[in-house]
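Structure, as structure tokens:
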Amino acid sequence: MRIRGCLLAAAALTAVPVAANAETMYPKWTIQGGYSHAFADGARASGDGMGFFVGVGVPITHYFNVDFSAYHHGYSDDGASKPNEWTENAIKADFLFYYSRNRVFSPYVGFGAGWAENELDGTGFEEDGSFFDAGVGFQTFPFKSTTLGFVYDIRYRWLSSDANIGGADKVEDVIAKVGLVVPFGTSYAVTAPPPAKETPPPAPKPQPQPTLGGERRFTDVLFAFDKSDLTPKAMSDLDSAASTINELAEQDPNLRVKVDGHTDWIGTDGYNQGLGERRASAVKTYLIRKGVAADKIDTTSYGESKPVATNETDEGRQLNRRAEVRTTTE
């Protein structure tokens, strides 16, 4: 009953609606650590386990995180009916699906898999096994003046024991944790106004268009999140750009075309570098189809390193998911 109550209370927390104008946060990665409590399965014949956990987390998309952690529990003697004392060390990978990225309250559903080593103190008996867990939790960063946050999490865990722990082929513990979270590579967004009053950020100022034969900057090609496919609007803009590029190339045989791929900051540096390359390559392929000579086109990926707008709003991240196209006479 105690365990079921804990799970129901935690599940209820994830159902709390989040205000539409709440602040959002996009940390590149986080470090976590704190207290971990294991509600012991009866097969252990021991009291609850108390210990600690440490871990790191990396957001992969707006609503998906991958975390890696290690933890330690010491299960205590709890009277004649529960005389065993266990020491447990474990590592695991977590997959977290967030309901929102609200700065003050970010609830999620979590699924984990890992490996645990359990040793019965004073006997030399040791049981190693894989495990899976599932549960809910949330993160909160309540202090605007600091980058310190908190995490609360509760999981139901199925641990394989090969019938060596209390004669059971699996041990079902409940693991609850509370700890600190330190984000890196992030800042907090300013609270967005109500939707009715929202105004889009100003578009980047167009660069002056020089005369034929000089350097020319074309309309940025924008992409959907985590995509390198060209939209109908992008193809229309590139049709116009290709026509102008071909005209310039007839007048200047030394003309070069530069295509630079960019991303927003969601995801790892390495992944975004590759995504920028795919976006630049998609634009190059389309320009070639429209008659631009392939040997005149140079592509570069800057990944997330050169944003033109804030990465803390949806509108800003859209402007950063782009490919820039320009001509030079180098």
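Here, each number is a calculation from the coordinates, and none is a lab measurement. The model shown is predicted, which means the values in this text are computed figures rather than measured ones. Glycine also receives a Cβ, built like all others from the backbone with ideal geometry; neighbour counts cover every protein chain displayed.
Over all distinct Cα pairs, what is the inverse of the mean 1/r for segment 239-330, reported as the Kirkwood hydrodynamic radius in Å?
Result for segment 239-330 stands at 13.7 Å.
Contour minus end-to-end for Thr87 and Val178, with contour as 0.36 nm per residue of separation and end-to-end as the Cα-Cα distance?
Result for the pair: 30.8 nm of gain on full extension.
Per 0.36 nm of contour for each residue apart, how much would the distance between Glu315 and Phe132 grow if the chain were fully extended, relative to their Cα-Cα spacing?
Extra length from Glu315 to Phe132 when fully extended: 62.0 nm.
Determine the relative contact order of segment 102-176: mean sequence separation of Cα pairs under 8 Å and six or more apart, normalised by residue count, in whole percent.
26 percent
In this model, which of Lys92/Lys306; Lys82/Lys170; Lys92/Lys227; Lys28/Lys306; Lys284/Lys306 are farther than 24 Å apart at the alpha-carbon?
Flagged as over cut-off: Lys92/Lys306; Lys92/Lys227.
Return the distance in nm (one decimal) between the two label points of a simple spin-label model at Val66 and His37, each offset 7 Å from Cα along Cα→Cβ.
Each label point lies 7 Å from its Cα, and together they span 3.2 nm.
Distance in nm between label sites at Leu148 and Lys306, each 7 Å beyond Cα in the beta-carbon direction?
About 4.0 nm separates the two model spin labels.
Multiply the residue separation of Thr244 and Ser76 by 0.36 nm, subtract the distance between their alpha-carbon atoms, and state the gained length in nm to one decimal.
52.8 nm
Please give every one of the aspartates and glutamates within straight-line cross-link reach of Lys296, meaning a C-alpha to C-alpha distance under 13 Å, and leave out same-chain neighbours fewer than 8 residues apart.
Excluding near neighbours in sequence, the set is Glu250, Asp252, Glu330.
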